[in-house]
Amino acid sequence: MAATSQSSQLIQPLTYGKMVTILSIDGGGVRGIIPGTILNFLEAQLQELDGENARIADYFDVIAGTSTGGLVAAMIVAPGADNRPLYAAKDIVPFYLENCPKIFPQSNGPLSKEKELISAFAGPKYDGRYLHKLIKDKLEDTKLNQTLTNVVIPTFDIKLLQPTIFSSCRLKDDPAKDALLSDICIGTSAAPTYLPAYEFETKDEKGETLRSFNLVDGGVAANNPTLVAVSEVSREIFQQNPNFFPVKPTDYGKFLVISLGTGAAKKEGKYSAESAAKWGVLGWLLNGQSSPLIDTFTHASNDMVDFHLSVVFQALNSEKNYLRIQDDTLSGDTSSVDISTKENLENLVKVGEALLEKPVSRVNLETGVFEPTLDEGTNKDAIIRFAKLLSEERRIRQQGSPKSVN
């Protein structure tokens, strides 16, 4: 699948292969450490198969990410030295450990909780200055059309009150969205109540404004962007993109999808109708260390996407082509999106490592509850299996292409 004008793309078009490959990463603030840990393991498996220079971007037609997942996606698809990805997967967790305490500085001292409560009325919890500078410094002038494979990043335009999807798949039809990757990442990370909304423009070669954007966190639209990514691919197929010649829009047997969650609080028992019935605006926005309103829409968004895709893949007998890795049993500080103490960040690394050892789980279509499978082993086993499939797909494309990629 070729992106618009980029000669730098690493992966050969699907024309020369058999399967569409998609990676998706949820939003979740500091909990981006969890998928970062899993991506490190996946890339290590690919390196065992194809050599130490193998990178995630070499294997996926589309990499989607929302909020913190959008930042991770950008890190592994932006071109760096020698036209290779700016970051290897092993660099993601150290990046978070170093920078999260500066992105989300913690309040200390007497009355810190009270001060935090008062500031919630005045504006976002964090000013975002460090995050904005960090992203701009790292991504520099890289634009969406320059990514090393196709990237899909959902945002929400607060001025238009509608989702805005930045997709390198469709820049030919919508060049006004060929924005700086840094602007897109800042926009998709602008979580309501946590970080300020973000405004920017795209311009043409003459400096004329093509479009203005007024963005908040992509999690408002699609905290789990897997379905958005699948839809982008289906759209290209429907429009007869020649790079998708072997695939039909509903042929999910030829889709290979890895969807990585950032963890979620244990659902049962966290809130109750009895307590929620007494909440006003402040109660919904801030309750203890979390926001019930944000918890509600992120849980709803994540679960509906997984439920829909599980139904489709199971109905077409392709359920093993769809791997959702998520831990929805978090509690205490690990369930927060912004607690960036050294202890909590290290605990999130442990959550990611432990998640690899847990059995593959799938949603029960009757109850909506995630349940362990009986015959697919652990998430680590599934990642190893997917790595082999991804390696084989890449090899098939290279052998069939008239221009092999080194």
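The values are calculated or read from the model by the stated rules, or taken from the named source; none is laboratory data. On a predicted model such as this, the values are computed, not experimentally measured, just so you know. FYI the Cβ positions are ideal-geometry reconstructions off the backbone, even for glycines, and counts take in every protein chain you see. Surface areas here come from the heavy atoms of the whole protein model, side chains and all, with no ligands, DNA or RNA. Shrake-Rupley method; radii C 1.70, N 1.55, O 1.52, S 1.80 Å.
Quick one: is Asn223 at pLDDT below 90 and either over 20 Å from Pro35 (Cβ atoms) or surrounded by 15 or more Cβ atoms within 10 Å (Cβ to Cβ) (or both)? In short, no. Note on region 199-236: residues that are within 19 Å of the chain's Cα centre (by Cα) and in contact (Cβ under 8 Å) with a residue 24 or more places away in the chain total 18. Scanning region 63-104 for residues that are farther than 19 Å from Gln326 by Cβ and of a type in the set (Gly, Ala, Ser) yields Ala74, Ala78, Gly80, Ala81, Ala88. If you go through region 177-213 and pick out every residue that is of a type outside the set (Ser, Thr, Tyr) and assigned to a loop (DSSP other than H, G, I, E, B), you end up with 13.
In the set Lys115, Lys90, only one residue is open to solvent by 80 Å² or more (accessible area, probe 1.4 Å), modelled with pLDDT under 90, over 20 Å from Ser67 (Cβ atoms) and of a type in the set (Lys, Arg); that residue is Lys115. Just give me the residues in region 157-197 being in contact with a strand residue (DSSP E or B) (Cβ under 8 Å, 6 or more places away or on another chain), over 30 Å from Leu14 (Cα atoms) and without any contact (Cβ under 8 Å) to a residue 24 or more places away in the chain, in sequence order. Scanning region 157-197 gives a single hit, Gln162. Scoring Ser318 on the criteria (1) in contact with a helix residue (DSSP H, G or I) (Cβ under 9 Å, 6 or more places away or on another chain); (2) crowded, with 18+ Cβ neighbours inside 10 Å leaves a single failure, condition (2).
Might you let me know whether region 331-345 holds any residue that is closer than 19 Å to Asn40 by Cα and of a type in the set (Val, Ile, Thr)? Checking region 331-345: not a single residue is closer than 19 Å to Asn40 by Cα and of a type in the set (Val, Ile, Thr).
Scoring Asn150 on the criteria (1) farther than 26 Å from Ile11 by Cβ; (2) modelled with pLDDT under 95; (3) open to solvent by less than 20 Å² (accessible area, probe 1.4 Å) leaves a single failure, condition (1). Surrounded by fewer than 24 Cβ atoms within 10 Å (Cβ to Cβ) and either among the aliphatic types (A, V, I, L, M) or within 19 Å of the chain's Cα centre (by Cα) (or both), is that true of Ala191? Answer is no for this residue. Counting just the residues of region 369-389 that are under 19 Å from Asp303 (Cβ atoms) and β-branched (Val, Ile, Thr), which one comes out most open to solvent (accessible area, probe 1.4 Å)? Out of the qualifying residues, it is Val369.
Taking every residue in region 334-359 that is open to solvent by 30 Å² or more (accessible area, probe 1.4 Å) and basic (Lys, Arg) and pairing it with any residue that is at pLDDT 95 or above and in a helix (DSSP H, G or I), at least 6 positions away or on another chain, the pairs with Cβ-Cβ distances below 7 Å are Lys358/Asn379.
Scanning region 135-158 for residues that are in a loop (DSSP other than H, G, I, E, B) and touching a Ser or Thr at 6+ places or on another chain (Cβ under 8 Å) returns Glu140, Thr142, Thr147, Leu148.
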